[in-house]
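Notes follow once the structure below has been shown.
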Ligand code: NDP
């Protein structure tokens, strides 16, 4: 795979050096080698990117395009991504350490967002209202906001970019995209495809750099009209503060502490696979991780045994190897954060029945690898049950009744997702209805689609990505009144 020694920033259809002339080393989390560099962006770079996006929104090819042409352009971008899916997947896997199998699946799937929202671009219909006023016509139509600041996290940079770019562009906005300092290269490689897909200069700009250095400059920029963000709750709150100050609409996809609830009438073998999917897929570095497993008392021991026996067979290693189930943790700071929870769990009195340590295998022992870790006898008030760990760590709780399961599941500041496992479909639906989460999976886990809305309740976020409703996140409604009587009556009275 050939990559560049350095990636500048993609502004107004051109690659530019950062004005700081400084660069950030790109580290492969598996080998821990520096393999490239990305620009350390600054406020000046953000200002140039936002100016390019503003100009492209106001003038030139983009606003002159019909919605149908915008749709065709999005489909063309989807085609380019499909052509380069393998390469983009390899770059991303090298960048964030996630399994090549997972990244391949994501990159083969990502074009669907551009096809789906490309199809939607010319189906954004306004409305005509009935009116109680004589001789008046009243209607409304949707308009794009203008410049959208789109900020993504390191765990799935390109899929998250697709979640944001496709609806934002379909709606007619222009975008400044900022990937995470920990995994920027795949987004830069994506930018290489824009011109070929026919994206006019300035319509999508990509700036890289440290979030704490350029984040506020981007979200607080007066010409940024809308913000969409995926990442931590802490950063989400900071951005929400800026959005509140500047009265900017905001879509937030933050973390979770999702409850995966297993009833004694579930297919336990299936549910055990679902429980492992919940906490070990992507090495637990996924916002929808089912990291709180709630198991009915009568099957608790038997079920924990099943989960542990699957989890302990998971192989850690090179994310590029077909035999690997769990890759490294994406960066050192995050690795240290996860390890810190082992002491917290111990101090809180949880029992560790699997893992609870960095990996001991001689071949990878120096890497950022953490063994699949399972804690039992967890009380929901413990920190490992309340805080998002974002690693391969499972907290197993018990419950007696349906009512208790619902109470524990909802006793969380988060509400991104949940799982319910039961062969009794009435029970499963009854419980799902009462779970405070944006997505509930029944007898399955971690399924997402461009067609189904995704987002959080409570501290897990606001707004929705995916599905036709997501395009509304990038549109504002303008109402019109047209007088048809040829008469304007009393100017001192509301009409
Ligand atoms: P952050 O929230 O720090 O990062 C997410 C994105 O926000 C990155 O692009 C980051 O840039 C950027 N950012 C950072 N500071 C600002 C700012 N002030 N203004 C605007 N953008 C900013 O999350 P981390 O990557 O540090 O991950 C920490 C935790 O977040 C994880 O442990 C996990 O709990 C959660 N997380 C949740 C995800 C989800 O899907 N909901 C995904 C990833 C993480 P930069 O990286 O350059 O600082």
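When only alpha carbons are used to place a centre, region 270-332 and region 90-129 end up 26 Å from one another. All Cα-Cα distances of the chain, cut into 10 Å bins from zero to the largest, leave 4, 19, 27, 24, 15, 7, 2, 1, 0 percent in each bin in turn.
Only alpha carbons enter this Debye calculation for region 4-126, each as an equal point scatterer, and the log10 of I(q)/I(0) it gives at q = 0.09, 0.15, 0.17, 0.21 Å⁻¹ is -0.37, -0.96, -1.10, -1.18. Computed over region 97-249, the Cα gyration tensor eigenvalues convert (square root of 5λ each) into semi-axes of 31, 21, 14 Å, ordered from largest to smallest.
Could you let me know the centre-to-centre spacing of region 134-195 and region 356-381, using Cα atoms, in angstrom? After rounding, the separation between the Cα centres reads 37 Å. Here the gap between residue 487 and residue 5, fully extended at 0.36 nm per residue and compared with their Cα-Cα distance, gives a gain of 166.6 nm. Treating each Cα of region 127-186 as an identical point scatterer and summing with the Debye formula, the log10 of I(q)/I(0) at q = 0.29 Å⁻¹ comes to -1.12. Can you give me the angle between helix 268-280 and the longest principal axis of the chain, using Cα atoms only, in degrees from 0 to 90, rounded to the nearest 10? Between the helix axis and the principal axis of the chain, the angle is about 60 degrees. Against the empirical 2.2 N^0.38 Å (N residues), region 351-495 has a Cα radius of gyration ratio of 1.68. When shorter helices are ignored and each DSSP H run of at least 4 residues is given -39500 (n - 2.57), the per-residue value for the chain at 222 nm works out to -11000 deg cm²/dmol.
Across the chain, the mean sequence separation of Cα contacts (distance under 8 Å, 6 or more residues apart), normalised by length, yields a relative contact order of 17 percent. Treating each Cα of region 338-429 as one equal point scatterer and applying the Debye formula with no solvent, the log10 of I(q)/I(0) at q = 0.18, 0.22 Å⁻¹ comes out as -0.87, -1.13.
With Cα atoms as the point set, region 278-374 shows a radius of gyration and Dmax of 13.8, 41 Å.
Note on region 256-306: Cα-only Rg and Dmax are 10.6, 31 Å. What the Cα convex hull of region 168-301 gives, in volume per residue, is 170 Å³.
Binning all Cα-Cα separations of region 259-442 at 10 Å, short to long from zero, yields these whole-percent fractions: 10, 41, 35, 13, 2.
Every number here is computed from the coordinates shown, using simple stated rules; none is lab data. Model, not experiment: these values are computed from the prediction.
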